[in-house]
Amino acid sequence: MCLLKISLALLLYVLSQTPTFANDMLSGLLSELSEIESPAKQIEQLKINQQIFENQNNHEIKNRYLLLSATAYRRNGQFKASEALINNVILLFQQNKSVALLGKALYEKGMLYKGQGKYQKSLRIFQKALLIFEANQMFKFQSMTLRRLSFSFRTIGKFNKALQLVEQAKIIAEDNLLMSEIAHVFGGFSSIYSDLGLYQEALEFELKALEYIPIKTGSKSNQADSYYAIAEKSLGLKNFELAKEYFHKAYEIDLELANPNDIGHSQIKLSQAYLRNGQIAQAMSFAKLSLTTFSNLKSERNIGWAKSNIGNAYLADKQCHLALEYLKSAEQILIKLAELTLLNRVKLAIGESLLCLKQYKKANNYLIAVLDFSQTNSTHISKIEVLALLIKHSEEKQSFVQAFSYQKMLSEAQFSYSNQLHSRRTSLLKNSLDSLNKDTELSLLEAKSLTQAVQLQQEINRRQLAISSVIITLILLMVTLYLLYSKRKLALLKQAILSESIERRNQLFADVSHELRTPLSVLKLQIQALEYNLISSKETTFAKLHEKISDLDLLIDDIYQIAQIDAKALKLSIVECELEPIFKEIITDFSAMAQQSQLAFKYQLCSFEHALFKVDKRRLKQVLLNLLRNSLKYTDTPGEVLFSVRVNSVSLIITVEDSLPGVKDKDLGRLFERLYRTDNSRSRDSGGSGLGLTIASSIIKLHQGSISANHSEKGGLKMTVTLPLIEK
C-alpha cells in the first residue's frame, strides 16, 4: 500500500511538470476506461485513478472523468451517486462556461431519468441538451439525443413524433458518416415499428442495423442489445421459442457484465416470452426475479412494471386474488408517476382479474376507463383487447344489445387498426421508392401540388357554401340510416337466435326419432317371429328382446338427462369426500370387464394422502364409467386401456386412453356433440345412446371442470377430465 502511494505521488509529480504529455496520457486513459463494459469493474478502475484526475487543472479532462463516472454509476444502478456527479459537472459549468460540457451533462441526466423510467422528465432534459448540440454543431450528440427523445415519445405512445425524430437522427448520421449511429438509428426504427405491430418490417430494420455493427464483431454490450432486439421482434411474430432463445442470450451477457438495469429488463422479457408460450411457472420465476432486481435499484416505474408481470402470470394461472393484489400495487406506483401507457395496460389486466372474481361492476369501471384512454390516444391494440373483454362481460350478463354495440365498436377498431398498419406499410414502401428517385419525384410533386393548389383555391371560393350544405344533409341522412340499420340489425339478431333455438329443438327430435326407430324395428321383428313361431330358440329371442328394451331404457334415460341439462334442471349432490375409494372401486369393476373383452387394463393412481374433494360421487362415477366403457367398446383386441389419476397444485386430472383404432382430427372437436358418429371403425354399432359424452361434458362443466379429447400415443383416443382442487 505504501509503495502504491509513493508510485502515485511520483506519477502526479511527473504529470504536473509536463502538462501536454499529461493531457495526452490522461485522455488515452479515459478512452481505455470507457471501453470497460462491466459497470462494476469500470467503477473499480475509476476509483483507483480518482486522485490522478481530481488533481488536474485541465477542466476538460476532469469533467470527462466525472461524466464517465456518472455513466458507470448509472449503468450499475447507483442512481443517487450518478446524479450527484452530474450536478457537480453542471456546477463546474458555471465556473468555466463550457456550453458543450453542459450539453453532455444534461444528456447524461436525461439518460439517468430514462433508466429510472421517468420518461416525462427525460423528455424535458433531452430537449434542453438538443438545443445546445444544435447550436454547437455537435452532430453525433445531436443524433444520439434525437434517438433518446424518440424512445421517450414512443414509450408514452406518440409514435408519429417518435418516427419524425428518428428520421432526423438518420439524416444527421448519414450526412456525417456516423456509422455506429446509423446502426442505432435503424434499431430505433425497428423498435417503433415493433410497437406499431409491424413486426416483419421491424425485423428488417434490425437486420439493416446488423449490417453496420455485426453481432460477432460488436462489443458484448452491443451483442446483448442485438439479441434483445431480435428476441422482441420474434415475440411479436409469435415465434416464442426463438424469442426465448435470444432473450436468454442477452440475459447471459447482462449477467456477465453485471449491468443490473439490463438484467431486470431481460428478466421481464423472459417472463413475457414464457407466459405467452403457456409456461406459467417459468414466467412467474423470471417476473419475481425482475421485481427483486428493480427493488434493489429502487426504480419505481420498473418495480411497477415487474409487479404487473407477476400479476399477469397469476392471472394466466387463474389465481385471480393474487393477480389483483400485484396489479393494484403496480397501479398505485404508475398513477404516482403518471406513466399512462403502462398504467392503461395494468388497468386492462385489473379489469380481467375482476371479471375472473365475478366483481362485474368494478371490472366494468376499469374496462370502460381503458376504452376511454384507448379512444383518446388511438391505441388500437388496447382498444381491441378491452372491447373483446367487454363483449364477453356483456354476454355473460345476457345484455345482448350492449354486446352488439361493443361488437360493432370492435369491428370498427379492427378495421381502423388494419388501415393504420396498411398506411404505415404503404408509407414505408413509398419512402423506399422516393429515396431512389428523390430529386425527380420532388420536382414532379412540387409542380403537381402547385397546380392542384391553384385549382383547389378556385373551387373553394365558388363551392364553399354548396359543400357545407351537402355535408350537413349527408350527416343527417347518415344518422337516420344508422339508426334504421341498428334497429334492423337488432331485430335480425333476435330472429337469428330464435331460429337457431327452434332448429336445434327440431334437430334433437329428428335425431331421437332416428335413434328410437332402430331398436323398435328390431323389437317388432322379434315379436312377429314369436307370433308366427319362426324362431328356433325362444330363450335367445327373449334375451334379445330384453337387451333391446334395456337399450331403449338407456336411451330414454339419457334423453331425460339431456332435457334436464337443456332446462338447467340437472342438480348435483356435491359433498366433501375422499375420491381414492371411488377410483379403486371403478378399477375393480372395470378390470373384470376388460379381461372378458381380452383387453389389457392398466391404471396409475397418485398418492392422495387422504385429500378431500367436493364432488357428486354418483355423477363422477357415471362419467368415468362412460369413458371406460367407450374404450372397452371401441378398442380392437388385443388392445390396451390406461386409466390414470394425478393431482397438481390447482386441479385433479383424470385420463382414460386406449389403443387402436383412433379418431380423425376433424372428428375430435365434435365427439361431445349429441348423437354424433364418426365415419371410421370407432363408430361401429357397439350399443349406447350416442348421448353419453354430451352428458359427461355437461356434468363435468357443472363441477367447474373441463373434459377434452385428443389423440393417444397408443394410437387410439385420450380423454382428459380436469376438476378444480378445493382448498381445505
Query - Under the Karplus curve 6.51 cos²θ - 1.76 cosθ + 1.60, θ = phi - 60°, whole-Hz ³J(HN,Hα) for segment 127-144, x wherever Gly or Pro sits - result: 5, 5, 5, 4, 4, 5, 5, 5, 5, 9, 6, 8, 5, 4, 5, 4, 4, 4
Report summary line: For the pair Lys140 and Asn648, the simple spin-label estimate (label points 7 Å beyond Cα toward Cβ) gives in nm 5.3 nm
Query raised in the report: Are there GluC sites (Glu not before Pro) in segment 33-76 that DSSP puts in a loop and that have at most 14 other Cβ atoms within 10 Å, and which ones?
Result: Glu35
Report summary line: HN-Hα couplings for segment 63-80 via Karplus (6.51, -1.76, 1.60; θ = phi - 60°), in whole Hz with x for Gly/Pro, come out as 5, 4, 4, 5, 5, 5, 5, 4, 4, 4, 5, 4, 5, 8, x, 9, 5, 5
**Report entry** For Leu652, distant residues with modelled amide H under 5 Å away
**Finding:** Leu723, Leu725
Query raised in the report: What ranking do Met111, Met25 get, fewest neighbouring Cβ atoms within 10 angstrom at the top?
Result: Met25, Met111
Query raised in the report: Looking at segment 190-345, what % of the alpha carbon pairs are farther apart than 25 Å?
Result: 31 percent
Requested in this report: Taking the Cβ of Val185 as the centre, find all other residues whose Cβ is under 10 Å away and add up their charges (Lys, Arg: +1; Asp, Glu: -1).
Outcome: 0
Query - Amide H within-cut-off set for Ile535, under 5 Å, with H built and near neighbours excluded - result: none
Requested in this report: Report the net charge of residues surrounding Thr722, where surrounding means a beta-carbon distance below 12 angstrom and charges are Lys +1, Arg +1, Asp -1, Glu -1.
Outcome: +3
Query raised in the report: Structure shown: which of Lys249/Lys383; Lys104/Lys170; Lys362/Lys383; Lys104/Lys336; Lys571/Lys614; Lys41/Lys140 lie over 24 Å apart, alpha-carbon to alpha-carbon?
Result: Lys249/Lys383; Lys104/Lys336; Lys41/Lys140
Query raised in the report: Tell me, what HN-Hα J-couplings in whole Hz come from the Karplus equation 6.51 cos²θ - 1.76 cosθ + 1.60 at θ = phi - 60° for each residue of segment 166-180, using x for Gly and Pro?
Result: 5, 5, 4, 4, 4, 4, 5, 5, 6, 5, 10, 6, 8, 4, 5
Query - Long-range amide H partners of Glu640 with built H, under 5 Å - result: Ala600, Ser659
Query - Highest to lowest packing among 478-485, 141-148, scored as the average C-beta count within 10 Å - result: 141-148, 478-485
Report summary line: In the neighbourhood of Arg488 defined by beta carbon distances under 15 Å, the net charge of the other residues (Lys, Arg +1; Asp, Glu -1) is +4
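Every read-out reported here was derived from the displayed coordinates using simple, explicitly stated rules and does not represent laboratory data. Given the structure is predicted, the values throughout are model-derived calculations rather than measurements. Cβ coordinates were reconstructed from backbone atoms using ideal geometry, including for glycine residues, and neighbour counts include every protein chain displayed.
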